[in-house]
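Peer 1: Please read through the structure below; I'll follow up with questions.
The values are calculated or read from the model by the stated rules, or taken from the named source; none is laboratory data. Note that the structure is predicted; figures quoted are calculated from it, not measured. In this analysis, Cβ positions are derived from the backbone assuming ideal geometry, glycine residues included, and neighbour counts consider all displayed protein chains.
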């Protein structure tokens, strides 16, 4: 019976069905698409993937937050992000701090229940008012019940991707990054730097910019390596992945479907996607040496450089308050 319920739930997720805000147990699919969730509503189904690394994707375009565990969608919620003049930055973030009863240091001690900090200058996810449109000072407001549930499954260092890509972006086959044989000599062995001592431990994130032809490795939010890469064909859309495991044949990256992306396959990078990104073999081996299940890979068409010509793309680094 339990397996049947989980199967129904998986079908509900794949079909985009929604459940009432208060439901916190395994639900039966009901009518209504995820995209049609009303303000303050959310979908929560952790039983679909009981274990594994958690990642979160926030879509500014459609005001939704998506929670994944082990690469499987387990929750969707309406949100309210930054209003004009206080826009929520896009890019790759890590959770730096958690506080159930936090109060704002910037806005007259405003309550921020179930706060999960993404930057030290004021950007966080937390429970708050959802009027149905962007209205915050840059934070990501969540329904109270969803904020509490999400708080319960996250850990410091967890990756949060914030994107403002169009609802229907042009998509391409995803590069099989960091797999054996991903170099063909086009990238110089000297075209990278590697400084793991800058952050000896913590969660690892890898970012690849199609515009810059550059790969950056972050550990605990701090840059420990970067290098030049060559990419076959254009990077037409931002895409995100989480590392399931590393086998004899290399890393197994699971897709984290971005809102509106037309993803294909089982969710894991395929052999046909292998080899689009080329780098020094030495650099590739160093990157693999620091990867652990739960690491995140973000491939973006935008620039990581300050003042770049692409859409604003921020790679947030950790620091001290």
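Peer 1: Looking at residue 114 and the list (1) within 28 Å of residue 219 (Cα to Cα); (2) within 18 Å of the chain's Cα centre (by Cα); (3) crowded, with 20+ Cβ neighbours inside 10 Å, which single condition is not satisfied?
Peer 2: The number of the failed condition is (2).
Peer 1: Shifting gears a bit: I'd like the full set of residues that are touching a helix residue (DSSP H, G or I) at 6+ places or on another chain (Cβ under 8 Å) and under 30 Å from residue 223 (Cα atoms), limited to the range 76-111.
Peer 2: Result: 98, 100.
Peer 1: Does the range 74-90 hold any residues that are in contact with a strand residue (DSSP E or B) (Cβ under 6 Å, 6 or more places away or on another chain), assigned to a strand (DSSP E or B) and crowded, with 21+ Cβ neighbours inside 10 Å, and which are they?
Peer 2: In the first step, residues of the range 74-90 are kept if they are in contact with a strand residue (DSSP E or B) (Cβ under 6 Å, 6 or more places away or on another chain); the result is 74-77, 79-82, 88-90.
Of the ones still in play, those that are also assigned to a strand (DSSP E or B) are 74-77, 80, 82.
Answer for the range 74-90, where residues must be in contact with a strand residue (DSSP E or B) (Cβ under 6 Å, 6 or more places away or on another chain), assigned to a strand (DSSP E or B) and crowded, with 21+ Cβ neighbours inside 10 Å: 74, 75, 76, 77, 80.
Peer 1: State yes or no: is residue 174 outside the structural domain of residue 52 (by TED's automatic domain parsing), crowded, with 22+ Cβ neighbours inside 10 Å and either in a loop (DSSP other than H, G, I, E, B) or modelled with pLDDT of 80 or more (or both)?
Peer 2: Yes; evaluated as a whole, the condition is true for this residue.
Peer 1: Separate question: From the set of residues in the range 269-300 that are at pLDDT below 80 and part of a strand (DSSP E or B), which is surrounded by the fewest Cβ atoms within 10 Å (Cβ to Cβ)?
Peer 2: So the residue we want is 274.
Matching residues to (1) more than 27 Å from residue 237 (Cβ to Cβ); (2) at pLDDT below 90; (3) surrounded by 18 or more Cβ atoms within 10 Å (Cβ to Cβ):
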| position | (1), (2), (3) |
| --- | --- |
| 54 | no, yes, yes |
| 64 | no, no, yes |
| 98 | yes, no, no |
| 126 | yes, no, yes |
| 156 | yes, yes, no |
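Peer 1: Take residues that are more than 22 Å from residue 69 (Cα to Cα) and in the same structural domain as residue 275 (by TED's automatic domain parsing) and tell me which of the strands (runs of 3 or more DSSP E) falling wholly in the range 208-248 contain 3 or more.
Peer 2: Counting at least 3 such residues, we get 214-219, 222-228.
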